[in-house]
1. What ranking, highest mean first, results for peptides 89-98, 216-225 when packing means the other Cβ atoms within 10 Å averaged over each residue?
2. Quick one: Trp67, Trp181, Trp336, fewest Cβ neighbours within 10 Å first, how do they rank?
3. Would you work out the relative contact order for the chain, in percent, from Cα pairs under 8 angstrom that are 6 or more residues apart?
4. From the helices alone, meaning DSSP H stretches of at least four residues, give me the mean residue ellipticity at 222 nm for the chain, per-run term -39500 (n - 2.57), in deg cm²/dmol to the nearest 500.
5. Using a 10 Å cut-off on Cβ atoms, rank the peptides 164-174, 69-79 from the highest mean neighbour count down.
6. List every DSSP H helix in the chain whose Cα atoms extend 27 Å or more along the helix's own long axis and whose mean Kyte-Doolittle hydropathy is at least 0.0.
7. Filter the cross-link list Lys104/Lys324; Lys311/Lys341; Lys104/Lys197; Lys301/Lys361; Lys61/Lys104 down to pairs whose alpha-carbon distance in this structure exceeds 18 Å.
8. Can you tell me the order of 101-108, 351-358 when each peptide is scored by its average per-residue count of other Cβ atoms within 10 angstrom, highest first?
Amino acid sequence: QTSTKQPPLPSPLRFSKFFQSNMRILVTGGAGFIGSHLVDRLMENEKNEVIVADNYFTGSKDNLKKWIGHPRFELIRHDVTEPLLIEVDQIYHLACPASPIFYKYNPVKTIKTNVIGTLNMLGLAKRVGARFGFLLYFQRNLKCCYKLFLIGSNFFARILLTSTSEVYGDPLVHPQPESYWGNVNPIGVRSCYDEGKRVAETLMFDYHRQHGLEIRIARIFNTYGPRMNIDDGRVVSNFIAQALRGEPLTVQSPGTQTRSFCYVSDMVDGLIRLMEGPNTGPINLGNPGEFTMVELAETVKELINPKVEIKMVENTPDDPRQRKPDITQAKELLGWEPKIKLRDGLPRMEEDFRLRLGVDKSN
Ligand code: NAD
Ligand code: UDP
Ligand code: UDP
C-alpha cells in the first residue's frame, strides 16, 4: 500500500470556502491536450477561478479559446522552469511535453521542466501555506490556542502531479500495480521523461514528508481524445490522421507491443476525484483494456477507413513491450473506473480530427 491518508479537516478547500467565495485553481500545462479538457471541467463549477500557466511548447491558445475573456479565467504565458508568484488554493501540475517526439526534441529542457518545474510548483504551494502560518502565528501570540497554529501550518495549496506509466519503464510485472518500482533505463533516450517524472514524484514526497505539503500523484496511462496534437507522433493520433488522409497506418515493429488507452473525459474525472479525495497516491489512472499495436491499427482501419493499408515500420529504442494498469486502488480509493471503451472513444476523436484536417465524411 503506497497511498497514505491525510486528515480531512484542514483542507485548503474548506479554508477557501470559509474566507472567500471562490476556489482559485492553477493548471500548469492547461493549454495542452489533457489540461484543456481539465480546464473545461473545472470551469463548469461557478465557484472555481482557473489560472492556466503554459509556455505553448506543445499546447495552444486554441484549446482554451472558449474561455479567453471569461471573468473566472486567466491565461499566463509562463515557463514553469522559472519561479511563479501567485496566490492559489490548488495546483494541477501538468506542464511537460507528453509525446516521445516532443520530449526527445530537447531532452535537457524536458528534465528541467520535470525537475525544476515541479520544484517551483512545490515552492509555490509551500509559500501559499506560509501565508496562513504567519497569520495564525499572530493569533497564537494573542493567546489563541496552539492547536490552531498546527492546523494553520497545514493550509498549503494542494498540489497534484500528473506522473506517468513510463515510471514503470519496460515493466517486468504485468499488469503494473503502484507498488512496482519499475524497470527504467537511466541513460536511454526516454530517460529525460521517465526519470524526470520519477524525480518529480520523489520531490513531491519529500515536500510532503519534510514540509507537510498536501500532495496527490496520478500515474497516467496512455490517454487519447479530441485536441490531441495531430502530428505529435503518438500512436492513436497517428493512426487516425493516417486513416483520414488515406495513408498507410504505420505500426512500429514488432507490433505485438501492447498499450491500454483511456478516453480523456474518464481521465479528467479521475484527476478531479484524486485531487478532492484524501489519498496522496501514487494512483494509476488508465483503462485496463489492453491492445497490441496491430490490433489498434486493425480497429482504426475497420472504424475509420477500411481502404487503408497497415504497414510495418522500424521502432524507436527502449520502447516498452507491454503496458496495462492495475486500477484496483483507483476503484477502491477513488470509486473510479473508465466508462468509455476504445471502440466508442475512437469515433469521438475522429470527428475532431476530421474538422481540423478538413476531411469530410464522404472521403
Ligand atoms: P501536452 O503536450 O498536450 O500538454 C502539455 C502542456 O504543457 C502543453 O500545453 C505545453 O505547452 C505545456 N508545457 C510543456 N513544457 C512547459 C514548461 N516548461 N512550462 C510551461 N508549460 C509547459 O500533453 P498531455 O497529453 O496533455 O499531457 C499532460 C500531462 O499528463 C503531462 O504532464 C504528461 O506527462 C502527463 N501524461 C500524459 C499522458 C498521455 O497519454 N497524454 C500519459 C502519461 C502522462
Ligand atoms: N518558488 C516559486 N514560487 C513561489 C515560491 C517558490 O516558484 O511562490 C520557487 C523558488 O524559486 C524555488 C522553489 O520554488 O526555486 C523551491 O522553493 P522553496 O521555498 O521550497 O525552496 P528554496 O527557495 O528555499 O530553495
Ligand atoms: N507506435 C506505432 N506507430 C506509430 C506511433 C507509435 O506503432 O505511428 C507504437 C510505439 O512503438 C509504441 C506505441 O505505439 O509501442 C505507443 O506509442 P506512443 O508514442 O503513442 O506512446 P508511449 O510509447 O509513450 O506509450
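1. Highest to lowest by the protection proxy: 89-98, 216-225.
2. By the 10 Å Cβ count, ascending: Trp181, Trp67, Trp336.
3. Normalised by residue count, the contact order of the chain is 17 percent.
4. -13000 deg cm²/dmol
5. 164-174, 69-79
6. Within the chain the helices that satisfy the rule are 107-141.
7. Numbers: Lys104/Lys324 23 Å; Lys311/Lys341 25 Å; Lys104/Lys197 14 Å; Lys301/Lys361 15 Å; Lys61/Lys104 23 Å.
Violating the 18 Å Cα-Cα cut-off are Lys104/Lys324; Lys311/Lys341; Lys61/Lys104.
8. Values: 101-108: 15.5, 351-358: 13.6.
Top to bottom by mean Cβ count within 10 Å: 101-108, 351-358.
Coordinate-derived values only; no laboratory data. What you see is a predicted model, and the numbers here were worked out from it, not measured in a lab. Please note: Cβ atoms are built from the backbone with ideal geometry, for glycine as well, and neighbour counts cover all protein chains shown.
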